[in-house]
1. With the cut-off at 15 Å, report for the range 66-154 the share of all Cα pairs above it, as a whole percent.
2. I'd like to know how the chain sits against the 2.2 N^0.38 Å rule of thumb: what's its Cα Rg over that expected value?
3. Between PHE127 and THR86, what is the spin-label point distance in nm, taking each point 7 Å from the Cα along the Cα→C-beta axis?
4. Could you state the accessible area per residue of the range 40-168 in Å², with a 1.4 Å probe and every protein chain left in place?
5. Summarise the accessible area of the chain (1.4 Å probe, protein heavy atoms) by the percent that is carbon and sulfur.
6. Using the crude model of +1 on Lys and Arg Cβ and -1 on Asp and Glu Cβ, and no other charge, please compute the dipole size for the chain relative to its Cα centre, in debye to 20.
7. Given 37 °C and 0.692 mPa s, how large is the Stokes-Einstein diffusion coefficient of the range 16-107 in µm²/s, with Rh as the Kirkwood radius over Cα pairs?
8. At a 1.4 Å probe radius, which order do THR84, THR51 fall into by accessible area, largest first?
Amino acid sequence: MLAPLPEPEPTRAAGAIDASALSAAAALLRGCQVRPTPIRMLVLAVLQVRTPSDGLMNPPDICRAILATGHATIVPTIYNVLSTLTDHGLAHRIRLGDRPAMYGAGPAATSLTVLMCESCDEVRTQFSPQIHAELQALAARRGFTMGENHLVLRGRCAACSAPAGQRDLAGRRR
Ligand SMILES: [Zn+2]
């Protein structure tokens, strides 16, 4: 009999939402003429720290990350803040079928390849200029103008693909 798998941790990525993360977030907000309220600073800091370049989080996960810092908030508040952040290019939103939209730090990118782990739900993104060019050429052959599209690859992340005994060695994210 296999031992039951441990529950996935609510936030897998490392990184502290500390004073320096919050002041960096405040500076980014001010740079966009957005008033740095505490909740905006917290949401942006979580995205900056937990979704460096290729990660994505959904609003419930962002909410949990903020609650873990000892600040009270609710998911609808997170959605409101994310709307402000995306309007100003401080965050981007990716819709993936019927799942809640996911968010990452920084402005939107088109033609991302999204790697979705069906085992632990981790979602990471990659941008490939070659794939982007190929998709545009394919669409153009039909006179089709591409909108916002992301190529979604479902499978298992590196940590979940590793044999059970080697999962920690394979770098399961904490
Ligand atoms: Zn995984």
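1. Values: 2660 of 3916 pairs.
Roughly 68 percent, once rounded to a whole number.
2. On the way: Rg = 17.8 Å, N = 174, 2.2 N^0.38 = 15.6 Å.
Normalised Rg, Cα atoms only: 1.14.
3. Simple spin-label model gives 1.8 nm for this pair.
4. 54
5. Values: 5760 of 10470 Å².
Answer for the chain: carbon and sulfur cover 55 percent of the accessible area.
6. Values: 18 positive and 13 negative charges, 32 e Å.
So the dipole magnitude of the chain works out to roughly 160 debye.
7. 257
8. Values: THR84 35, THR51 5 Å².
Result, largest first: THR84, THR51.
The values are calculated or read from the model by the stated rules, or taken from the named source; none is laboratory data. Because the structure is predicted, anything quoted here is derived from the model rather than measured. No Cβ is skipped: glycine too gets one built from the backbone with ideal geometry, and neighbour counts run over all protein chains shown. Just so you know, the surface numbers come from the protein's heavy atoms only, side chains and all, with ligands and any DNA or RNA stripped out. Shrake-Rupley method; radii C 1.70, N 1.55, O 1.52, S 1.80 Å.
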